[in-house]
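Each reported figure results from applying straightforward, stated rules to the coordinates on display, with no laboratory input. For clarity, every value in this text was computed on a predicted model and none was experimentally measured. Ideal geometry is used to build each Cβ from the backbone, glycine not excepted, and the neighbour counts take in all protein chains shown.
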Amino acid sequence: MPIVVDIDVMLAKRKMSVGELADQVGITPANLAVLKNGRAKAVRFATLAALCAVLECQPGDLLRWEAEDATGG
């Protein structure tokens with residue numbers, strides 16, 4: 001998928017665990033893991049806003065677009 005999720009980068013910068021972030025955002029650690037590992041098909045704006053508020057960042061710090069290679073990868 002051409003959208004890459006960089007939540008792990010922000011977690012490292014903020015020295016925060018997945019469990020802490022999930023608690024503060026109000027989602028389950030399992031759902032946060034799905035998002036963090038790039039397996040989510042969508043993310044609600046409310047969830048994205050909560051992630052940005054807790055991590056004190058912009059949406060572009062968490063999500064980025066990467067072109068797929070010519071083989072469709």
Quiz item: Sorted by mean Cβ packing within 10 Å, highest first, what order do the peptides 18-26, 37-45 take?
Solution: 18-26, 37-45
Practice problem: Be a star and scan segment 40-62 for residues whose amide nitrogen sits under 19 Å from the point 7 Å along the Cα-to-Cβ vector of Lys15. | Solution: 54-57
Self-check item: Over the chain, relative contact order from alpha-carbon pairs under 8 Å, at least 6 apart, %
Solution: 51 percent
Quiz item: Quick one: what does P(r) look like for segment 30-73 with 10 Å bins over all Cα pairs, in whole %?
Solution: 23, 51, 20, 6
